[in-house]
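Asker: Quick one: the structure is below, and I'll ask about it shortly.
The values are calculated or read from the model by the stated rules, or taken from the named source; none is laboratory data. Given the structure is predicted, the values throughout are model-derived calculations rather than measurements. Note that we place each Cβ from the backbone using ideal geometry, even for glycine, and neighbour counts take in every protein chain shown.
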């Protein structure tokens, strides 16, 4: 029996099962070299195209019936020379390699629902997040419901960023932090716990206690709970 001879309802169900979440990567925008007024730039008249390195979903290349059942819509249609592709904003996750790359997502900020943030291309990401507050752009992503932050090895400062900075209207419980090496996934409070425990309550990376002449200073530092989680608060997180 061929696939085409299967009942229509069964074929439709199979097409729906073929849909998988994809990573929308390397989103970039190309602007025209012409002269534009401020109003024209605000309207996006100076944009040639937006594009992504992610290829179109395979389901759009199978046959007419697969395309009819594929839950995708045209995206990256902005500009005078658009290079559009197909995106499922509910399933696909937009991935950026630096905090400033979030700005490259221009015409679909109100539609993006899932966002992954890396800091591979941003050595000063902590200053960008805290001093320059570049995460404030996330308020323009009004339908954002999930954020994944990929942690570089040993990088725990995102715990402070989670506590002190805003991530737009994304629900705080849907913000997770992924350790790239192990695949461990932490919530914001869990990451803050790990960060504070390592900095305040634990020995150094080699298991050594503080030096004797600094012990009283370290104790006073640990007892000052105005800037870190207390042991009781850590217990609640666990």
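Asker: Kindly state which helices (runs of 4 or more DSSP H) lie completely within segment 155-238 and contain at least 3 residues that are at pLDDT below 65 and farther than 27 Å from residue 143 by Cβ.
Answerer: Working: elements: 158-164, 188-196, 215-223, 231-237.
Passing ranges, in order: 215-223, 231-237.
Asker: Regarding residue 129, is this residue in contact (Cβ under 8 Å) with a residue 12 or more places away in the chain and touching a helix residue (DSSP H, G or I) at 6+ places or on another chain (Cβ under 6 Å)?
Answerer: Yes, satisfied.
Asker: Residues in segment 12-19: is at least one outside the structural domain of residue 100 (by TED's automatic domain parsing), within 25 Å of the chain's Cα centre (by Cα) and over 17 Å from residue 102 (Cα atoms)?
Answerer: Yes.
Asker: Within segment 127-135, identify whether any single residue is surrounded by 14 or more Cβ atoms within 10 Å (Cβ to Cβ) and within 26 Å of residue 43 (Cα to Cα), and answer yes or no. Break it down stepwise before answering.
Answerer: Let us first name the residues in segment 127-135 that are surrounded by 14 or more Cβ atoms within 10 Å (Cβ to Cβ), namely 128-130, 134-135.
In the following step, the residues that additionally are within 26 Å of residue 43 (Cα to Cα) were identified as 134-135.
Taking every residue of segment 127-135 in turn, at least one turns out to be surrounded by 14 or more Cβ atoms within 10 Å (Cβ to Cβ) and within 26 Å of residue 43 (Cα to Cα).
Asker: Tally time: how many residues in segment 139-154 are more than 12 Å from the chain's Cα centre (by Cα) and assigned to a loop (DSSP other than H, G, I, E, B)?
Answerer: First, the residues of segment 139-154 that are more than 12 Å from the chain's Cα centre (by Cα): 139-140, 142-143, 152-154.
Next, only the ones that are assigned to a loop (DSSP other than H, G, I, E, B) stay: 142-143, 152-154.
Of the residues in segment 139-154, 5 are more than 12 Å from the chain's Cα centre (by Cα) and assigned to a loop (DSSP other than H, G, I, E, B).
Asker: Sticking with this structure for a sec: Among the residues of segment 114-121, is any farther than 15 Å from residue 89 by Cα, within 13 Å of the chain's Cα centre (by Cα) and in a helix (DSSP H, G or I)?
Answerer: No, that holds for no residue.
Asker: Let me ask you something else. Of all residues in segment 48-65, which are over 30 Å from residue 11 (Cβ atoms) and in contact with a helix residue (DSSP H, G or I) (Cβ under 9 Å, 6 or more places away or on another chain)? Don't jump to the end; show me each part of the working.
Answerer: Filtering segment 48-65 down to residues over 30 Å from residue 11 (Cβ atoms) leaves 48-51, 53.
Listed by number, the list holds a single entry, 50.
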